[in-house]
Amino acid sequence: MDAPLTTSISDGFWGAVGRTPLIRLRRASAATGCEILGKAEFMNPGGSVKDRAALGILQDAVARGLLVPGRPGTVVEGTAGNTGIGIALAANAMGWRSVIVVPETQAREKLDYLRMIGADLRLVQAKPFSDPGNYVHVSRRIAEETGAVWANQFDNLANAAAHEATTGPEIWDQTGGRIDAFTCACGTGGTLAGVARALKARRRDVRIVLADPGGSGLHDWVKTGTVKAEGGSITEGIGQAARAPGNLAQARDLIDDAVRVLDPEALEQVFDLQLHEGISVGGSAGLNVAAAIRVARDLGPGHTVVTVLCDGAARYQSKLFNPAFLRERGLPVPSWLE
Ligand code: PMP
């Protein structure tokens, strides 16, 4: 049967989140003899997978009576950028204000975007989680001091619940239940935990693999139970050096394995997808595709592996597509920008 020509009319930003395409990645599939499929989360109205978490958290706040559509309200969040973008746009659509706290090390494009859409952007120095100046703690304090709603994406389980209700079931439907493994990197773990729960409820033996960048301790957390971080990464929004956030920790029993993917391998996928498939994604998506290839090689030909294309490349132009930035770090440079 042909796919339907359109979906029905969506009600504003809130109605337009989700129902993203599942894209067959030709080169990754050919290289492994598997079906490697990428959930095109960069096609959400705020441009990333985090629109789903933002919406889920705000819907939950409305259900609890903390926010009322059309009445004044303020949402505060600490974010690498994407959750802030989703929250700011969703808040605009309801007449609420947003205060978004971001470490100043994040890509300039995301910071500009947040300012552009009217968020009250507060830049803070990048500090470890143990420091009270860490962006997550700063955002909590602003919410407490002003009586605003704190989105708290790391430990607010409405985040993973949104993925369990939408992302996971969409993947199940789009593959017709023909899925052997799902892998993605974790920031909050909302995506991995929610999708894992939805898929395992439908088929217990779907393999769930956490993908982790350098500088993150989640790989070791899956393997040994202890968060242990080493090295670093230029990817943004993924990895945790200090702890497994609540959204991820609640799903520990559902995670079968973990793979570590370093920047050169992630960048190779970012550049390959862009040049050979016309799919333009950021660093975490490149890392996810590299992880999917590893998982597919482990499983052997004939399997279906699904991952997430979290956001688009334009959000990182000044880093991932900046030859000087890449060369300084000894990383590969896109051949067409040499
Ligand atoms: N990729 C990007 C670009 C992100 O911004 C994030 C969220 N910070 C993730 C991946 C990870 O998603 P999650 O928080 O659901 O683990």
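The values are calculated or read from the model by the stated rules, or taken from the named source; none is laboratory data. All of these numbers come straight from a predicted model, not from anything done at the bench. Ideal geometry is used to build each Cβ from the backbone, glycine not excepted, and the neighbour counts take in all protein chains shown. Ligands, DNA and RNA are stripped out before the accessible areas are found, and what is left, the full protein with its side chains, is counted by its heavy atoms. Shrake-Rupley method; radii C 1.70, N 1.55, O 1.52, S 1.80 Å.
Our summary gives the chain a relative contact order of 19 percent, counting only alpha carbon pairs under 8 angstrom and 6 or more residues apart.
Could you order E164, E236 by accessible surface area, starting with the largest, using a probe radius of 1.4 Å? Spell out each step's value before the answer.
Working: E164 70, E236 15 Å².
Listed by decreasing accessible area, they come as E164, E236.
Identify, among N159, A107, L192, the residue whose Cα sits farthest towards the positive end of the charge dipole of the chain, taking +1 on the Cβ of Lys and Arg and -1 on the Cβ of Asp and Glu, with the dipole about the Cα centre. About the Cα centre, the residue reaching furthest to the positive side is N159. Take the solvent-accessible surface of the protein heavy atoms, probe 1.4 Å, and return the percent of it on the chain that carbon and sulfur atoms account for. Its accessible area is 50 percent carbon and sulfur atoms. In terms of its alpha-carbon gyration tensor, region 136-249 comes out oblate; a/c meets the 1.5 threshold, while b/c is at least as large as a/b.
Roll a 1.4 Å probe over the protein chains and send me the accessible area per residue for the chain in Å². Walk me through the intermediate numbers first.
Details: 14110 Å² over 338 residues.
Value returned for the chain: 42 Å² of accessible area per residue.
Note on K50: accessible area is roughly 30 Å² with a 1.4 Å probe, heavy atoms of protein only.
Computed from the C-alpha gyration tensor, the three semi-axes of the ellipsoid equivalent to region 200-275 are 23, 18, 10 Å, from longest to shortest. Candidates Q174, G33, M94 compared by Cα position along the dipole of the chain: farthest toward the positive end lies M94, with charges placed on Cβ. Our note on the geometry: Cα centres of region 193-270 and region 54-70, 29 Å apart. Placing Y316, Y135, Y113 in order of accessible area, with the largest value first and a 1.4 Å probe, yields Y113, Y135, Y316. Structure remark: mean-square fluctuation, Gaussian network model of the chain, C-alpha springs under 10 Å; the largest value among V68, V149, V209 belongs to V68. Rounded to the nearest 10 square angstrom, L337 shows an accessible area of 70 square angstrom against a 1.4 Å probe.
Quickly estimate the mean residue ellipticity at 222 nm for the chain, helices only: each DSSP H run with n ≥ 4 gives -39500 (n - 2.57), and the total goes over all residues, rounded to 500. Kindly include the intermediate steps, with their values, before the conclusion.
On the way: 15 runs with 133 residues, N = 338.
Helix-only estimate at 222 nm: -11000 deg cm²/dmol.
Straight-line cross-link reach from K110 at under 15 Å between alpha-carbon atoms covers these aspartates and glutamates, not counting any fewer than eight positions away in the same chain: D51, E77, D120, E236, D311.
Would you mind working out the magnitude of the charge dipole of region 284-334 relative to its Cα centre, with +1 at each Lys and Arg C-beta and -1 at each Asp and Glu C-beta, to the nearest 20 Debye? Don't skip to the end; give the middle numbers.
Working: 6 positive and 3 negative charges, 26 e Å.
Around 120 debye, computed over region 284-334.
Considering only beta bridges that DSSP places wholly inside the chain, some 15 percent are antiparallel. Build a GNM of the chain with springs between Cα atoms under 10 Å apart, and of G81, G246, G231 the one that fluctuates most is G231. When the convex hull of its Cα atoms is viewed from all sides, the chain shows a mean projected area of 16.9 nm².
Given the options T183, T307, T74, state which has the largest fluctuation in a GNM of the chain using a 10 Å cut-off (strictly under) for Cα springs. Taking springs between Cα atoms under 10 Å, the residue moving most is T74.
Taking a quarter of the surface of the Cα convex hull of region 29-147 gives a mean projected area of 9.6 nm².
Out of every Cα-Cα pair that region 120-201 contains, those further apart than 14 angstrom amount to 69 percent.
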